[in-house]
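Just so you know, all these numbers are worked out from the coordinates, no wet-lab data involved. Predicted, not measured: the structure shown is a model, and the values here were computed from it. Ideal geometry is used to build each Cβ from the backbone, glycine not excepted, and the neighbour counts take in all protein chains shown.
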Amino acid sequence: MQRRLIRLSLVFSAFILLTMLAVTTTHVESSSAQDVLMGRVDAGRTGAFINETTLTPSNVNPAQFGKLATRPGVGDIYAQPLYVTGVSIPGQGLHNVVYVATAHNIVYAFDADDTSAAGNTPLWSNDFSAANDVGLPPMTGTTSPGGICTCDIWDGESGVMSTPVIDPASQTMYVVSHHSTGSGTAAHYLHALDITTGAEKFNGPTLITTPGTAGLLPTVPAMLRSG
């Protein structure tokens, strides 16, 4: 049976679906009760959001609940978007922020409350393939050499595939990116990003190595679940 991951976007243009209550007013939260800092909400991967106080069976309906906006980005989205309230962005004030990582090795920070066209401009973004960062392109599914495979399991880019994790105490986002070295092998890098600016922290990024496979991690994206 042919297996494919469900995609939220096309290869060259991803759109972030911000699904919220249409009746919700725009404001900046003063606490972290609503923060989503890792994949499936918590370390137990329960997916249970026990702090929910707004959504109820009565108001989740076509009249009150639905997509408020889309946001342009580059690359497929496989990682779960994360959400942090009350982030102080230098020169831009406090924002509730949605963080989105794509298979093109780009991380975006968008204002979660601004549904206007102005919200299309991210608060910041970081392209790990840029010369001032890792400087290598994302892996691809079928390109030879350097592809993951020539099968139907994967047929797109393989950059950031797993959900990042955010440490709220240090305001750091940890992300694993996947790059083609151009020699038939892949390289994985660990990034520690300042969630207020997107800048690399702790002298990152850091190449991830392991015994065997020439010191590099295997290229199977599902094995790299930082979130």
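As an exercise, use a Förster radius of 35 Å and the Cβ-Cβ distance of L190 and F49 to find the FRET efficiency, rounded to the nearest 0.05.
0.80
Return one quarter of the surface area of the convex hull spanned by the alpha-carbon atoms of the stretch 74-146, equal to its mean projected area, in nm².
One quarter of the hull surface, i.e. the mean projection, equals 6.1 nm².
Using 0.36 nm per residue of separation minus the Cα-Cα distance, give me the extension gain between S125 and S170 in nm, one decimal.
14.3 nm
When ranked by the protection proxy of mean other Cβ atoms within 10 Å per residue, highest first, what sequence do the peptides 156-168, 98-110, 120-132, 38-50 form?
Taking the mean over residues of other Cβ atoms within 10 Å, the ranking is 98-110, 156-168, 120-132, 38-50.
What FRET efficiency do you get for K201 and F65 if R0 is 45 Å and r is their Cβ-Cβ distance, rounded to the nearest 0.05?
Efficiency computed from Cβ-Cβ geometry: 0.75.
Using the Cα centre of the stretch 39-135 as the reference point, and only Cβ charges (+1 on K/R, -1 on D/E), how large is the resulting charge dipole? Debye, rounded to the nearest 20.
With only Lys, Arg, Asp and Glu charged at Cβ, the dipole is about 200 debye.
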